[in-house]
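Engineer: Quick one: structure below, then a few questions.
The values are calculated or read from the model by the stated rules, or taken from the named source; none is laboratory data. Everything quoted here is computed from the prediction, not taken from an experiment. No Cβ is skipped: glycine too gets one built from the backbone with ideal geometry, and neighbour counts run over all protein chains shown. Heads up: the accessible areas ignore ligands, DNA and RNA and are worked out on the full protein's heavy atoms, side chains in. Shrake-Rupley method; radii C 1.70, N 1.55, O 1.52, S 1.80 Å.
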Amino acid sequence: MVVVDVLANALVTIKNNELRGARECIIYPSSKLVLRVLSVMKQHNYVGDFEYIEDGRGGKIRVYLIGRINDCGVIKPRVPVKKGDFAKWRERYLAARDVGILILSTSQGVMSDREAEARGIGGVLLAYVY
């Protein structure tokens with residue numbers, strides 16, 4: 001099995017398990033980026049705890065789901081966003097005003113759009129969750 005986009009694979013796995021009503025899911029293969037995106041999702045209470053499991057083949061992540069995700073996915077192509085342009089992208093990817101978050105990679109790490117806006121920095125859009 002060849003996985004082209006590990007982050008897209010992880011988010012689809014989470015979304016499918018949420019729709020089925022599962023309490024946990026296993027994501028494999030894993031990456032540092034997936035772990036950082038999960039930590040942002042945990043900060044905003046979209047997923048419960050998660051743990052990395054080393055299996056000698058790229059690792060797995062067990063994610064405990066809390067039933068808060070309606071939709072999530074990656075943003076392709078990865079779009080660079082300036083610090084003042086978040087409203088346009090929220091309108092495009094999120095369901096309604098003040099619902100959900102955009103996750104982006106910045107020079108100061110992976111964070112939500114709200115945190116990046118508060119810090120006054122831009123970045124590259126990775127994913128959305130609501």
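Engineer: For the stretch 2-23, list residues with backbone N below 19 Å from a point placed 7 Å from the Cα of residue 57 toward its Cβ?
Structural biologist: Residues 2-7, 9-10, 13 qualify, since their backbone N sits under 19 Å from the label point.
Engineer: Roughly speaking, to the nearest percent, how much of the stretch 1-128's 1.4 Å accessible area is carbon and sulfur?
Structural biologist: On the stretch 1-128, the fraction of accessible area on carbon and sulfur atoms equals 49 percent.
Engineer: Can I ask one more? I need the phi-derived Karplus couplings for the stretch 69-76: 6.51 cos²θ - 1.76 cosθ + 1.60, θ = phi - 60°, integer Hz, Gly and Pro marked x.
Structural biologist: Whole-Hz 3J(HN,Hα) from phi for the stretch 69-76: 9, 8, 7, 7, x, 8, 10, 10.
Engineer: Enter the accessible area per residue of the chain (Å², integer; probe 1.4 Å; all protein chains in place).
Structural biologist: I get 56 Å² per residue for the chain.
Engineer: In percent, what relative contact order does the chain have, based on Cα pairs under 8 Å that are 6 or more apart in sequence?
Structural biologist: 24 percent
Engineer: Give the residues of the stretch 3-24 whose amide nitrogen is closer than 17 Å to a point set 7 Å from the Cα of residue 124 in the direction of its Cβ.
Structural biologist: Residues 4-9 qualify, since their backbone N sits under 17 Å from the label point.
Engineer: Total Lys pairs in the stretch 20-98 closer than 24 Å by alpha-carbon, pairs eight or more apart in sequence or interchain only?
Structural biologist: 8
Engineer: Taking the square root of 5 times each eigenvalue of the Cα gyration tensor, what semi-axes in Å does the equivalent ellipsoid of the chain have, largest first?
Structural biologist: Ellipsoid semi-axes (Å, largest first): 24, 16, 13.
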